[in-house]
Amino acid sequence: IKTVKIIKVNENDKEITEDVVVCEGTLTLKINNEELATILCMPYDLEYLTIGFLFTTGLIKKIEDINKIEINHDKEWVACVNLKNLDSINELSYKRLYPSGGGSGILFNNSHRGKITQEFKIESKNINSLMNKFQKKSEIFFKTGAVHSAAIADKQNILIFKEDIGRHNAIDKVIGCGLKQNILFEDKIMLTTGRIPSEIILKIQRCRLPVIISKAAVTNQAIKLANDIGITLVGFARANGMNIYSLEERIIKNG
């Protein structure tokens with residue numbers, strides 16, 4: 001974050017004061033010396049963002065597919081990645097999709113990985129508790145109001161928390177961090193502050209996460225895809241309620 005001088009207007013008065021804003025830049029992603037994509041993001045957790053992006057776009061299947069990552073933080077942010085197998089890049093470079101809402105995320109039209117069938121159950125009170133903890137964690141949001149947050153949680157606790165100016169980036173960061181820490185996704189939950197369209201569901205499918213929960217809205221295509229894939233989709237989640245849009249049987253009444 002950065003402090004800047006501003007002119008604040010209150011009714012008919014003007015005053016010179018200061019405000020806190022989020023720092024924004026571009027991360028250029030190079031795969032085996034070939035430029036693949038440029039991502040608008042915050043200058044934090046760029047290695048996690050790179051790993052998560054590669055995984056959720058289908059460019060890697062596991063973190064071991066990466067030989068080396070070097071992040072250059074100098075004048076331009078560059079992630080130089082060396083991969084073991086380039087076949088996936090040659091295939092996906094012709095299948096790029098344009099994400100909804102702002103274009104700060106990038107997605108490739110990778111094929112489905114099959115239906116998620118985990119026998120996962122969580123009590124609704126645990127979701128309310130997790131969302132209450134989640135919405136209190138972002139100090140940058142409280143100072144600027146300019147970031148999205150994402151988290152991976154088990155049934156009781158938030159395990160990984162990240163934030164970025166883009167909701168896609170925040171999700172990629174927590175996924176990248178989870179991969180680096182060898183966290184098993186199949187019995188975890190994704191939390192997000194952003195709305196959930198279909199491309200977010202595709203990211204979650206890559207991880208085999210059974211549940212995604214947002215404090216914001218969802219789209220009709222996200223609901224359809226979540227039902228087809230086998231993901232429990234929850235929107236408008238708060239400390240005291242939620243809307244369940246698919247596979248409600250995973251969320252049980254409080255015992």
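Summary value for region 153-205: 38 percent relative contact order, contacts being C-alpha pairs under 8 angstrom separated by 6+ residues. The helix-only estimate of mean residue ellipticity at 222 nm for the chain, built from DSSP H runs of length n ≥ 4 each weighted as -39500 (n - 2.57), is -7500 deg cm²/dmol after division by the residue total.
For the chain, the share of accessible area belonging to carbon and sulfur comes to 46 percent (1.4 Å probe, ligands and nucleic acids excluded).
Take the cross-link list LYS115/LYS155; LYS173/LYS253; LYS136/LYS162; LYS62/LYS203; LYS115/LYS188 and give me the ones stretching past 24 Å between alpha-carbons. Over 24 Å apart, Cα to Cα: LYS173/LYS253. The residues of region 1-66 expose on average 58 square angstrom of accessible surface per residue, using a 1.4 Å probe on protein heavy atoms. Histogrammed with a bin width of 10 Å, the alpha carbon distances of region 142-195 distribute as 27, 53, 19, 2 percent, first bin at zero.
What percent do you get for the relative contact order of region 133-255 when only Cα pairs under 8 Å and 6+ apart count?
Averaging sequence separation for qualifying contacts and normalising by length gives 17 percent for region 133-255.
Straightening the chain between GLU70 and GLN156 buys 27.5 nm, computed as 0.36 nm per residue apart minus the Cα-Cα spacing.
Think of the chain as a dipole: +1 on every Lys or Arg Cβ, -1 on every Asp or Glu Cβ, centred on the Cα centre; then among CYS177, ASN85, ILE244, ILE244 lies furthest on the positive end.
Rolling a 1.4 Å probe across all protein chains gives ILE7 an accessible area of roughly 100 Å².
A viscosity of 0.692 mPa s and a temperature of 37 °C, combined with the Kirkwood radius over C-alpha pairs in the Stokes-Einstein formula, give the chain a diffusion coefficient of 172 µm²/s.
When only Cα pairs below 8 angstrom with a gap of at least 6 residues are kept, the chain shows a relative contact order of 18 percent. Take 225-231, 121-127 and order them by the average number of nearby Cβ atoms within 10 Å per residue, most first; the result is 225-231, 121-127.
Remark: region 172-180, residue by residue, has Karplus-estimated 3J(HN,Hα) of 4, 5, 5, 5, x, 5, x, 5, 5 Hz, where x stands for each Gly or Pro and the curve is 6.51 cos²θ - 1.76 cosθ + 1.60 at θ = phi - 60°.
The values are calculated or read from the model by the stated rules, or taken from the named source; none is laboratory data. What you see is a predicted model; the values in this text were computed from it and never measured. A quick note on method: Cβ atoms are made from the backbone with ideal geometry, for glycine too, and the neighbour counts reach across all protein chains shown. For accessibility, only protein heavy atoms count, side chains too; no ligands or nucleic acids. Shrake-Rupley method; radii C 1.70, N 1.55, O 1.52, S 1.80 Å.
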